[in-house]
Every structure is written in C-alpha cells, then in structure tokens.
Amino acid sequence: MTDTSKITPSRRAADSTMLLTQNDLLSMCSWKKVEFFPNLPKVSRQEAQLFKSLEWLFPAFAEPFEMLEAIAQTLKNCLQSEDVQLTFDYFQVVPVSALPSCVAEPTFLAVLSFRPYQPRGFWEIELGFAHKAVELLLGANSESVEIRALTELEEGILQFLALQVLRTMFVNAGAGKVHVRLDNIFSSSKAVMPLMASETHMVLMSLSASVDGHKGCFRFFIPATVLSKLQPHADAPVRAYRMQQNLIRAKDRLALPNLSLRVEIGHAEIPKAEYEGLRPGATVLLDKLTLRPDKRADGSAELRIGAGFSGHLDCQLGFDGRGYKAEVEKITLGTVSESLDHNLSDRGKRKGEIMDPNQLSAAPLLSDVPLRLVVELARIPVTIEEVVEMKVGHVIDLGRLASDPLNLVVNGKTVGQGELVEFDGQLGIRLIAVEGS
C-alpha cells in the first residue's frame, strides 16, 4: 500500500489525473441506448410455413432461380427479345379483404384454379408491361407505352403469353397434388373478389420483370388454404429425394471434413451410473447383435452418417477373406423424435416399469436416463459426394479385419474398444480399453 504522505504535490497531482482518467472514462463518454431493429416487420409462424410450401407448388424446380430462368427464356421466345430479366421482389401474406387496395385499376388479372382444390387465385400483370408485351407480340416496339384498359383483342393476345408462362412454371404439376389452370380474364379486382369469398388470406409472390428496358411486375396471389395442403409428410420419399438433389447441387459448396460413415452391428442400453463405472475388463450385455465375428463372417449392419438420427442405410455384411464389405440393401428414413419414442417404449415394455407421477423427483430421473451404447464394426471417413451418390447395391469396403476389436460408442463418440464374449448364454462385449481410464 502506498504511503500518500511521502508523495510530492506534483506526484499527487499526476496520480490524481491518472485516477480520474481510469475511473471516470466511462462516465465522460457520450452513451446512446441501442435499439435492436425496432422497425422489422413481424412474421407469424403461419406465414413462415406458407412460404415453405411454395416450393411444393413448383415441383419441376429445385431452386427459385431455376424457375426465373425458365420464365425468362419463355418470354424471350414469345416476345422475340433477348433483353428479358426477372427477379424476385418479395413474398407477403395479404388478407383477402385488403385485395382491392393492392390491385391497380384498370389492370390485367388472369384467374387461376388450383385443382383438385376449390379456392381460386389470380395473376396480375402490371398494365404498362402488358401493353409492351402485346406490342412485341404484334411486331411493334414503340418507345412510349400508354396506360389504358386492354381491348378484348389485346386481352386475347396477352392470354396466349400468360398460358405459355404458366405452362413453364407448373410443368409436371399434374403428376403431383395440384394442377394449375387459367380460368378467366378480368380487368378489375371487383370482378375477382366473389371468387375469393371462401378465403381469408392470400400469399402474394411478386416478381420484377424487364423487357427491352421497360420494367413492370408480375404478382401472383395464391390461396393460403391451397399452400397449407401441399406440404408432404415429414417422412415422405419426395422430401428425401428433394434433399438429395439439393445436396448434389450444393456439394461443391459444402465442407464437412469430419464426416464419417459408422457401421453399427449392435447396441445396449445402460444407466448413466453404470456407464461412468466402466473399466477395462468389465462386460456389457448386448440387447442386439447382428454380426458374429467369432462364428460367421456374414450378417447385417446399419450405416449411419454422423449421428445418424435422420435415417440410415441397411446393409448386408460379407467377408472376402481379407476384410469386411457392406452392400447397401435399403435406405431407411426416420426422425429424432421417432427413434427416441421407439427406444423409450421398448424400454418400458422390457422392464415392465410403472411410474407414479406423484412419487417422481428430478434427481432419480436424471440418474436413470439410459445411455445407448453402440457396437461399431468400423468408422470410415467419407465425402459429401460419396454419400449423395450411394444407392441400393453399392458396395463399401470397410477396411476392417475379423480379428480387430470392436468399437464402443456413446452419442457418436468412441469411448472404448472390446471383444465379443458369451455370458450365461447371452452375448456381451468385454472392454479391452476405455478412453480416459
């Protein structure tokens, strides 16, 4: 501790200045309250789900830009123009009651039916762009564009263009759940409103269009009830196919250096307390084992990518005298919740447990949570390209000998190695080594 009586006046003044600088610096600064994005628009969970459903309305396109390129090419062919550009503007959920204020008057409205569903939607083509398109279809190309209601002849000409664009957007849609058709043409929103009487909301998809320097917009009003019915089931094969196609397109951008293929041949469920007490020489009895290296070299296995909760590959194992190989027989899809529910239901049936809710407390529940101890035959590093190209019949060299010890894994982490043993007629794994012991 400093004796201040021995500090000279000049030294004390200097220290006082130093202390003022250190202690009062924050109070001398000009502070301003930080506002965290106060003007952000609010998006409901329902809106987010509707936007996700839009991709299932256009089954021929895996990416939005693919649809824009296809529409632009159709416009180029029909209008005989190479200067065509399309971009997404925005998506928005609009109450049906607000539609009259959203649509300009007069306008060009193509009424769309989404069969087999009853609700109708419509497609608005900005009037100035509509006149420009009609001019190009008739072989004219004036610099000025008048804004007036289209004649019946002009509506018929523009209807031809609308049909070509719709055919491009909804190609192959008839093979799915919805088929989109053009029902009628109107020039005022008042004529369209009675067709929307059963709807409460529309999803507005707005595109900016440019042809020969003239800009306009396409606005699609899609019934919310139609989109809500387009979401495939969580385990529908079409979802897996779409995911695979997206991975193939994106594999050049993906970087997963630690991706591995795990070959599971068995498992056991043990309480957390028993797991923490595992030491070399201990034996874990197995609930399931699909390969007996001690008696035969053939069997089955589940190949899992990473944690593998979302599904796995069912494989047949074989031994060629040098090492194990796995042939893919089936691709099984699943979810985390389904696998957990399955494990818990099996555990309750096997042990016949009856729990009284009035007698439960947190600590005993935590100590009794079962851990899934997985027996791995092999773990192979793989790339994204190798994973997405795996199909039924694909043969994988596991690079593993029959004499090699088996790996024990908990929550995707290798915790030790063991060898197969028999204990009172039941198979088990005797630990040879335990990580960290």
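Quick one: what pairs do we get from segment 137-148, first residue touching a residue at least 60 places away in the same chain (Cβ under 8 Å), second open to solvent by less than 100 Å² (accessible area, probe 1.4 Å) and assigned to a loop (DSSP other than H, G, I, E, B), C-beta under 9 Å, 6+ apart or different chains?
141/81; 141/212
I'd like to verify a number: residues in segment 185-213 that are farther than 22 Å from residue 95 by Cα and open to solvent by 50 Å² or more (accessible area, probe 1.4 Å), how many?
Selection size over segment 185-213: 2.
So residue 301 passes all but one of these: (1) surrounded by 11 or more Cβ atoms within 10 Å (Cβ to Cβ); (2) at pLDDT below 85. Which condition number does it fail?
(2)
How about segment 88-181: which helices (runs of 4 or more DSSP H) wholly inside it have at least 2 residues that are open to solvent by 20 Å² or more (accessible area, probe 1.4 Å) and closer than 30 Å to residue 48 by Cα?
Correct list: 99-102, 152-169.
Where in segment 385-427 are the strands (runs of 3 or more DSSP E), entirely inside, with at least 2 residues that are open to solvent by 50 Å² or more (accessible area, probe 1.4 Å)?
Working: elements: 395-397, 406-410, 413-423.
By residue number, 395-397, 413-423.
Just for segment 214-236: of the residues that are open to solvent by less than 40 Å² (accessible area, probe 1.4 Å), assigned to a loop (DSSP other than H, G, I, E, B) and modelled with pLDDT of 80 or more, which one is farthest from residue 195 (Cα to Cα)?
Result: 232.
Okay, residues lined up against (1) at pLDDT below 85; (2) open to solvent by less than 40 Å² (accessible area, probe 1.4 Å); (3) in contact with a Ser or Thr (Cβ under 8 Å, 6 or more places away or on another chain):
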position: 316; (1), (2), (3): no, no, yes
position: 348; (1), (2), (3): yes, yes, no
position: 356; (1), (2), (3): yes, no, no
position: 360; (1), (2), (3): yes, no, no
position: 372; (1), (2), (3): no, no, no
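Considering only segment 273-297, state which residues are open to solvent by 40 Å² or more (accessible area, probe 1.4 Å) and either at pLDDT 85 or above or in contact with a strand residue (DSSP E or B) (Cβ under 6 Å, 6 or more places away or on another chain) (or both).
If the condition is that a residue be open to solvent by 40 Å² or more (accessible area, probe 1.4 Å) and either at pLDDT 85 or above or in contact with a strand residue (DSSP E or B) (Cβ under 6 Å, 6 or more places away or on another chain) (or both), then 275, 279, 280, 281, 283, 285, 287, 288, 289, 294 are the ones that fit.
Can you report the number of residues in segment 299-333 which are among the aromatic types (Phe, Trp, Tyr) and in a loop (DSSP other than H, G, I, E, B)?
1
Listed here are the residues, each with its yes/no results for (1) within 33 Å of the chain's Cα centre (by Cα); (2) within 22 Å of residue 272 (Cβ to Cβ).
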residue: 389; (1), (2): yes, no
residue: 397; (1), (2): yes, no
residue: 405; (1), (2): no, no
residue: 418; (1), (2): no, yes
residue: 424; (1), (2): no, no
residue: 427; (1), (2): no, no
residue: 433; (1), (2): no, yes
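Could you check, for segment 265-272, whether at least one of its residues is open to solvent by 30 Å² or more (accessible area, probe 1.4 Å) and either assigned to a loop (DSSP other than H, G, I, E, B) or among the acidic types (Asp, Glu) (or both)?
Our first condition is that a residue be open to solvent by 30 Å² or more (accessible area, probe 1.4 Å); within segment 265-272, this holds for 267, 269, 271-272.
Next cut, either assigned to a loop (DSSP other than H, G, I, E, B) or among the acidic types (Asp, Glu) (or both) only: 269.
Within segment 265-272 (the criterion being open to solvent by 30 Å² or more (accessible area, probe 1.4 Å) and either assigned to a loop (DSSP other than H, G, I, E, B) or among the acidic types (Asp, Glu) (or both)), the answer is yes, since at least one residue qualifies.
Among what's in segment 60-82 and is farther than 27 Å from residue 42 by Cα and open to solvent by 60 Å² or more (accessible area, probe 1.4 Å), pick the residue that is nearest to the chain's Cα centre (by Cα).
69
For residues that are charged (D, E, K, R) and in contact (Cβ under 8 Å) with a residue 40 or more places away in the chain, scanning just segment 45-54, find the one that is most open to solvent (accessible area, probe 1.4 Å).
52
Checking residue 239 against (1) surrounded by fewer than 15 Cβ atoms within 10 Å (Cβ to Cβ); (2) within 14 Å of the chain's Cα centre (by Cα), which single condition isn't satisfied?
With (1) surrounded by fewer than 15 Cβ atoms within 10 Å (Cβ to Cβ); (2) within 14 Å of the chain's Cα centre (by Cα) applied to residue 239, the lone miss is (1).
What pairs come up if the first residue lies in segment 225-249 and is farther than 25 Å from residue 389 by Cβ, the second is small (Gly, Ala, Ser) and surrounded by 15 or more Cβ atoms within 10 Å (Cβ to Cβ), and their beta carbons are under 8 Å apart, counting only those six or more places apart or on different chains?
Between residues of segment 225-249 that are farther than 25 Å from residue 389 by Cβ and residues that are small (Gly, Ala, Ser) and surrounded by 15 or more Cβ atoms within 10 Å (Cβ to Cβ), the close pairs are 226/121; 227/53; 228/53; 230/53; 231/53.
Kindly provide the set of residues from segment 56-87 that are among the aliphatic types (A, V, I, L, M) and part of a strand (DSSP E or B), ordered by number. So that I can check it myself, show each step before the final result.
Start the filter on segment 56-87 by keeping residues that are among the aliphatic types (A, V, I, L, M), which leaves 57, 60, 62, 67-68, 70-72, 75, 79, 84, 86.
Result: 84, 86.
The values are calculated or read from the model by the stated rules, or taken from the named source; none is laboratory data. Predicted model, so just to flag it, every value in this text is computed and none were measured. All Cβ positions, even for glycine, are placed from backbone atoms using ideal geometry, and neighbour counts span all protein chains on display. For accessibility, only protein heavy atoms count, side chains too; no ligands or nucleic acids. Shrake-Rupley method; radii C 1.70, N 1.55, O 1.52, S 1.80 Å.
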